[in-house]
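One structure is given here, and the rest of the page talks about it.
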Amino acid sequence: MAESWEKIAIGATDRVFVLTGAGISAESGLATFRGAGGLWEGHRVEEVASPYAWQRDPEMVWRFYSMRRKAASAAAPNAAHYALAELEGVLGERLFLCTQNVDNLHERSGSRRVLHMHGELFQSRCDHCGGEAFADTRLYETAAEHARCDCGGRIRPDIVWFGEVPYHMERISAELEQCTVMLVVGTSGVVQPAASFVRWARQRGAGSAVVRSYYVGPEHPANAGDFTQVFEGKAGEVLPQILATDGE
Ligand code: OAD
């Protein structure tokens, strides 16, 4: 029999900070990074997603991100993405969604207030001149297909790689300081700084004593001790129950 979970209490003055990771897209068929077989052609993700890999082997890096572009285009949002979009419909600007994911499944399920701290799969930018990132759905499977910027720099994925600074940190800090509820979904709690957000919210957040923090995923994350409650289950099964908005 399917397990059932109690709805979490979100009051009229609560501000909810949601952090999602690869696990929320797992039921859409997108592979997580550290799950079983979390390798790509024998490489750990840290070896493919780094400025060093880009310098050494841009063709391999673009093949990796082209494969991910293909997989994300073929995937559809799941019940977990929709539950968060619905919650945004109810809470409006009292909900802030920060994702470590580079896919666009949150947007495709209807979420509008989404911030991608690790960049976006369907955007590219120059690796040299600091020009703006631009929408890009192309696949670059061989070096011959690689593009150049007008300045002569190489076009790279607009992804925050290991060793680079995550995007939007000021906005994220401000939201962490105001939130009263922290909901973390499908992330292993090992990649910084995201792994520390729950602790920051509880130490510095609005009335730190009252910040309630919840984790949703089939396994306990590395930072499980930082949560008020862990819902051990798949995001697509747990979120629609704990965030149920119908009848209100
Ligand atoms: P990981 O692959 O490290 O962790 C995925 C998490 O999702 C694990 O804790 C799983 O237990 C959980 N999970 C699996 N199936 C799930 C389901 N159906 N519902 C809910 N949870 C599920 O991915 P992240 O923590 O997101 O960075 O990885 C963090 C960052 O490291 C990524 O953003 C990426 C990666 O390298 C960059 O690409 C820069």
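The numbers here are math on the coordinates, done by the rules we state, and not lab data. Fair warning: this is a prediction, and the values are worked out from it, not measured in the lab. Note that we place each Cβ from the backbone using ideal geometry, even for glycine, and neighbour counts take in every protein chain shown.
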| said: What value in Å³ per residue do you get for the convex hull of the alpha-carbon atoms in region 1-129? | reply: 140
| Over the chain, what relative contact order in percent results from Cα pairs under 8 Å that are six or more residues apart? | 25
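Hey, fewest Cβ within 10 Å first, where do F197, F162 land in order?
Details: F197 27, F162 14.
Neighbour counts put them in this order, fewest first: F162, F197.
Work out, step by step, the length gained on full extension between C129 and S173: first 0.36 nm times the residue separation, then minus their alpha carbon distance; give nm to one decimal. Don't skip to the end; give the middle numbers.
Values: separation 44, 0.36 × 44 = 15.84 nm, distance 2.78 nm.
So the extension gain works out to 13.1 nm.
Convex hull volume of the Cα atoms in region 125-248, per residue, in Å³?
Working: hull volume 22.2 nm³, N = 124.
Spread over its residues, the Cα hull of region 125-248 gives 179 Å³ apiece.
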| From the phi of every residue in region 148-156, what ³J(HN,Hα) in whole Hz does the Karplus formula 6.51 cos²θ - 1.76 cosθ + 1.60 yield, where θ is phi - 60° and glycine or proline is x? | 10, 7, 4, 7, x, x, 8, 7, 10
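Could you line up L239, L87, L39 from fewest to most neighbouring Cβ atoms inside 10 Å? Please list the in-between numbers first.
Numbers: L239 28, L87 21, L39 13.
By the 10 Å Cβ count, ascending, the order reads L39, L87, L239.
Apply the Kirkwood formula to region 87-161: the hydrodynamic radius equals the inverse of the mean of 1/r over all pairs of different alpha-carbon atoms; give it in Å with one decimal.
Working: mean 1/r = 0.0715 Å⁻¹.
That comes to 14.0 Å for region 87-161.
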| field | Computed [θ] at 222 nm, deg cm²/dmol, the chain (DSSP H ≥ 4; -39,500 (n - 2.57); rounded to nearest 500) | value | -8000 deg cm²/dmol
| task | Mind pulling the angle between the C-alpha long axis of helix 79-91 and the longest principal axis of the chain? Nearest 10 degrees, somewhere in 0 to 90. | result | 60
| remark: Free-by-geometry Cys in the chain, Cβ-Cβ under 4.7 Å as pairing rule, reported as C98, C179
| Relative exposure of T180, T137, judged by other C-beta atoms within 10 Å (fewest first) | T137, T180
| request: Return the distance in nm (one decimal) between the two label points of a simple spin-label model at K70 and Q192, each offset 7 Å from Cα along Cα→Cβ. | output: 3.7
| task | Would you compute the Debye intensity of the chain from its alpha-carbon atoms alone, equal scatterers and no solvent, and pass along log10 I(q)/I(0) at q = 0.07, 0.11, 0.13 Å⁻¹ to two decimals? | result | -0.24, -0.59, -0.82
| remark: With +1 on the Cβ of every Lys and Arg and -1 on the Cβ of every Asp and Glu, the dipole magnitude of the chain about its Cα centre, in debye rounded to the nearest 20, is 280
| field | Charge dipole (the chain, unit charges on Cβ, about Cα centre) - positive-most of V102, A22, L176 | value | L176
| message | In whole Hz and in residue order, list the ³J(HN,Hα) couplings for region 133-147 that follow from phi through the Karplus curve 6.51 cos²θ - 1.76 cosθ + 1.60, θ = phi - 60°; x for Gly and Pro. | response | 5, 9, 5, 7, 9, 5, 9, 10, 9, 10, 4, 4, 8, 4, 10
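What size of dipole, in debye to the nearest 20, comes out for region 1-139 about its Cα centre when the only charges are +1 on Lys and Arg C-beta atoms and -1 on Asp and Glu C-beta atoms?
120
Normalising by the residue count of region 117-248, find the relative contact order in percent from Cα pairs under 8 Å and 6+ residues apart.
Rounded, it is 18 percent for region 117-248.
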